1. GNM, the chain, Cα, under 10 Å: largest mean-square fluctuation among 130, 68, 304?
2. Could you tell me what percent of the DSSP beta bridges with both partners in the chain are antiparallel, to the nearest 5?
3. Apply the Karplus curve 6.51 cos²θ - 1.76 cosθ + 1.60, θ = phi - 60°, to the phi angles in region 399-406 and return the couplings in whole Hz, x for Gly and Pro.
4. Please arrange 55, 162 by how many other C-beta atoms lie within 10 Å of their C-beta, fewest to most.
5. For region 220-233, take each phi angle, set θ = phi - 60°, evaluate the Karplus expression 6.51 cos²θ - 1.76 cosθ + 1.60, and give the result in whole Hz per residue in order, putting x for glycine and proline.
6. Please give the length that would be gained between residue 173 and residue 198 if that part of the chain were fully extended, namely 0.36 nm times their separation in residues minus their C-alpha to C-alpha distance (nm, one decimal).
7. With contacts defined as alpha carbon pairs under 8 Å and 6 or more residues apart, what's the relative contact order of the chain in percent?
8. Check residue 33: other-chain or 5+ apart residues with amide H under 5 Å from its amide H, H built from backbone geometry?
Amino acid sequence: MTATATLAKPEPATTGFDPEALRADFPALHQEIHGHPLTFLDNAASSQRPNAVIDEIARFDRNDYANIHRGVHELSQRATKAYEGARDKIRQYINARDRKEIIFVRGTTEAINLVASSFVRPSLNLGDEIALTTMEHHSNIVPWQMACRERGAVVRVAPINDRGELELEELEKLLTPRTKLLTLVHVSNALGTINPVKEIVAMAHERGIPVLLDGAQAIPHMRVDMQDLDCDFYAFSSHKMFGPTGVGVLYGKKELLEAMAPYQGGGDMISVVTFEKTFYAGLPAKFEAGTPNITGGVGLGAAIDYLEQLDWDGAVAHENELLRYGTERLSEIPEVRLIGTANRKASVLSFVVDGVHPHDIGTILDREGVAVRAGHHCAQPVMQRFSVPATTRASLAFYNTKEDVDALIRALRKTIEVFK
Ligand code: PLP
């Protein structure tokens, strides 16, 4: 079977963008795996980190590391400056209005759970609804099921079509006076679909419904602008955007965050504690109980510095071209069926091969030095929608090249031969 995907706004290759030069910044890319040069196509799970991030983490840990905020000594002040400096960089990078709108969390999962616990749960009543879509990651499904089960509310799901695009008219029908929140993925990790989130946010706001966007897979592929999107919350993880693991961000509009009760209690999120009464700290500390991932925050700041100097127009054009090329090459293999052929897609190639289980494909590709992911990608409802148990997913970043796609195709053809 063959499949084709037409790309949104195919952009001409730019002359200035040089992925080969960028690859030099990423030391992990330059190694052999099982006797083959590494072809790293598992960026949607976690992307690699540039030297700038690795070195800044080492420099910080060697010289400036101490606990933050309460220390009067020099090291604590340096660490606080670096950590809070990272918050400022993030604010600027995503064009939030105020640094108080940037809450450090463990990652996208914790950000969504924070909104579920502190924003939605307290006012969720019997018969209320949370609207989401078929293409959500489990981390944007399960917290809502938990909240709804507890409060007698209902999760409503907008369908997707055979290309993996959201059915907007159906989504619109879900938005009723009972809808407490619309929450959806900006870019699907399993399909690559880029949702028209700005329009969707406007559609929900017309009905007075707040919107949470799961930006985990959008932020590595494009610039996002909170004021332009006008979403109420936006969640993302550092480890998918060339930064360290264990840290991420919840962006929330200040007036909403201010009205919300804290997510967890503990140190750093208070102003005064007595046994009779505790007064909470202001934003953002109110949502950051306990010692945070200090080095992680600083590392994320270094990743932002790196991304700030990236030629984003060039990177987007390059990734679009890789997606076009990869789609074309995969479509030449009769046994391959692409899952996710949306008109607007990020550089994610999810596919199944007639007669071969994705886990076997992943294992054999690894022997050829090609790192992909095989499984349900924490999006089992997507697998159910396409009636497949799992897919093989090659997910690309700006540092991938056509040679990487060629290596994938070579190894895949070899794999198919083994199973013939
Ligand atoms: N949402 C999407 C779309 C994802 O792809 C992922 C991770 O794969 C997550 C949420 C969860 O991110 P994390 O595990 O960093 O919390």
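Rule-based calculations on the coordinates, nothing more; no lab input. All of these numbers come straight from a predicted model, not from anything done at the bench. Cβ placement follows ideal geometry from the backbone for every residue including glycine, while neighbour counts extend to all protein chains displayed.
1. Its mean-square fluctuation being the largest, the pick is 68.
2. On the way: 28 of 46 bridges.
Restricted to the chain, the bridges split so that about 60 percent are antiparallel.
3. In residue order, the calculated couplings are 8, 7, 9, 5, 4, 5, 5, 4 Hz.
4. Numbers: 55 12, 162 9.
Fewest-to-most ranking of 55, 162: 162, 55.
5. x, 10, 7, 7, 10, 10, 4, 6, 6, 5, 6, 5, 8, 9
6. Values: separation 25, 0.36 × 25 = 9.00 nm, distance 1.77 nm.
Full extension from residue 173 to residue 198 adds 7.2 nm.
7. On the way: 868 pairs, mean separation 110.6, N = 420.
That works out to 26 percent.
8. Result for residue 33 returns 38.
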